[in-house]
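The values are calculated or read from the model by the stated rules, or taken from the named source; none is laboratory data. Keep in mind that this is a model prediction, so the values were computed, not measured. Don't worry about glycine lacking a Cβ; one is built from the backbone with ideal geometry, like all the others, and counts go over all protein chains shown. Note: accessible area is taken over every heavy atom of the protein model, side chains too, but ligands, DNA and RNA are not part of it. Shrake-Rupley method; radii C 1.70, N 1.55, O 1.52, S 1.80 Å.
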Amino acid sequence: MTPAGAISTSCSPTFSKIGQRDELSTSPANLGQGYGAEVSSESRREVWKNFPKDFVAGAIMGGVAHTVVAPIERAKLLLQTQESNMVIVAGKQHRYKGMLDCILRVAKEEGIRSLWRGNGSSVMRYYPSLALNFAFKDLYRAMLISGKSDQDALSNIPSNFLAGAAAGCTSLIFVYPLDIAHTRLAADIGRGEVRQFRGLFHFTKTIYCKDGIRGVYRGLPASIHGMIVHRSVYFGGFDTAKDFMLKESQHPPFWKRWLVAQAVTTSAGLISYPLDTVRRRMMMQSGLEKQVFMNTIDCWRKIYQLEGVSSFYRGAVSNMFRGTGAAFILVLYDELKHLINGWSVFGAIEGD
């Protein structure tokens, strides 16, 4: 009969340590379970240790990129919500024909600065939203693939998509009031006293006084539906593609990751765009005396019956241009995180 010490010596160093800690568990199966438990425990500790760094990396990449594409974002929202915009429905303003027509008319009629209307609330939303998205995505992903091999790209696919969807929904709950404020301010047409809202605080006060807390969370169910689809493809698609690229190189070239990010961002935007249109339309009902849509399903039905399928994709081209910034952020976050982790390793070596 082979002694326990002999089994421990013949195994790898990791198994040897486990065997020394628990001499009663000398079978290969027990050793494997002990190793898996150790990996899982160490992985979870590493996840929580990295969470603040992931949060900072996501936050740094937020505001500047979003501000650059703010005019396109406003054009997209005006096109997307114009059939529910009371100023346009009442005939006080002509409908916009497309992204270029929208940007030029807004600049002419409301001034150049108005192209950035709602950007303040957008950046206030975007910083915590992006930071929470990236941080929770990495947290959920690490928890879901805990104990698995990082090189097992195929088996990690469901975890990647589920982590992206869960991260999107988690962050949405925190920042939704800013999200609806951004939509309503960007869709507010006119100058001076003609405008419905004078800014973020005026919007929040007005809607809260009329509808209460329900008003600043109007359209949340529809938004969750859209977030599940968009973030699962956006984050899950990129992480899955990166898993396959890591088989070739530990740090894939920037241009290759950007091409993948652009493809993923465009796909996520187009697939989830009808859901985004429905959620924006539901947001436009906050503060209205008479609701146009009773619920999310009624919104889908009425848009389809009264406006046609094309209305679900109104503003989609603008969204594709705007998506370039989102793709760039994916890669920059990945690059920044790589640098932060590199500095951490260097600091640990220096400390030793």
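Among the conditions (1) at pLDDT below 85; (2) more than 22 Å from the chain's Cα centre (by Cα); (3) open to solvent by 70 Å² or more (accessible area, probe 1.4 Å), Ala348 misses just one, which is (3). The residue of the range 298-316 that is surrounded by the fewest Cβ atoms within 10 Å (Cβ to Cβ), among those that are of a type in the set (Gly, Ala, Ser) and part of a loop (DSSP other than H, G, I, E, B), is Gly308.
Remark: pairs (first residue in the range 274-298, aromatic (Phe, Trp, Tyr); second residue surrounded by fewer than 20 Cβ atoms within 10 Å (Cβ to Cβ) and assigned to a helix (DSSP H, G or I); Cβ separation under 8 Å; 6+ apart in sequence or on different chains) = Phe293/Lys302.
Taking the conditions (1) crowded, with 18+ Cβ neighbours inside 10 Å; (2) touching a Phe, Trp or Tyr at 6+ places or on another chain (Cβ under 7 Å); (3) not aromatic (Phe, Trp, Tyr) in turn, Thr206 satisfies each one other than (1). The sole residue among Asn319, Asn295 that is under 28 Å from Pro177 (Cβ atoms) and buried (at least 20 other Cβ atoms within 10 Å of the Cβ) is Asn319. Lys76 meets the stated requirement of being open to solvent by less than 10 Å² (accessible area, probe 1.4 Å), charged (D, E, K, R) and not in a loop (DSSP other than H, G, I, E, B). Checking the stated criteria, Thr240 turns out not to satisfy the condition of being touching a residue at least 60 places away in the same chain (Cβ under 8 Å), over 21 Å from Leu130 (Cβ atoms) and not charged (D, E, K, R). Is there a residue being β-branched (Val, Ile, Thr) and either modelled with pLDDT of 90 or more or within 28 Å of Ala135 (Cα to Cα) (or both) anywhere in the range 191-199? There is no residue in the range 191-199 that is β-branched (Val, Ile, Thr) and either modelled with pLDDT of 90 or more or within 28 Å of Ala135 (Cα to Cα) (or both). For the range 200-236, the set of residues classified as outside any helix (DSSP H, G or I) and farther than 27 Å from Ala135 by Cα consists of Gly212 only.
Would you say Met284 is at negative phi, open to solvent by 80 Å² or more (accessible area, probe 1.4 Å) and not basic (Lys, Arg)? The answer is no for Met284. Here Ile224 fulfils each of the conditions (1) over 20 Å from Ala181 (Cα atoms); (2) under 16 Å from the mean Cα position of the chain (by Cα) apart from (1).
For the range 158-174, the condition of being outside any loop (DSSP other than H, G, I, E, B), over 17 Å from the mean Cα position of the chain (by Cα) and in contact (Cβ under 8 Å) with a residue 40 or more places away in the chain holds for none of the residues. Once the range 184-195 is narrowed to residues that are within 29 Å of the chain's Cα centre (by Cα) and part of a loop (DSSP other than H, G, I, E, B), the residue that is surrounded by the most Cβ atoms within 10 Å (Cβ to Cβ) is Ala187. The residue of the range 120-132 that is farthest from Tyr333 (Cα to Cα), among those that are surrounded by fewer than 24 Cβ atoms within 10 Å (Cβ to Cβ) and among the aliphatic types (A, V, I, L, M), is Met124. One residue alone among Ala153, Ala181, Ala135, Ala166 is open to solvent by 10 Å² or more (accessible area, probe 1.4 Å), small (Gly, Ala, Ser) and either under 16 Å from Gly237 (Cβ atoms) or at pLDDT 85 or above (or both), and that residue is Ala166. Would you call Val216 without any contact (Cβ under 8 Å) to a residue 60 or more places away in the chain, within 29 Å of Ile103 (Cβ to Cβ) and not aromatic (Phe, Trp, Tyr)? Judged against the criteria, Val216 is not a match.
The condition of being of a type in the set (Asp, Glu), modelled with pLDDT of 95 or more, assigned to a helix (DSSP H, G or I) and open to solvent by less than 70 Å² (accessible area, probe 1.4 Å) holds for only one of Asp243, Asp334, Asp276, Asp239, that being Asp276.
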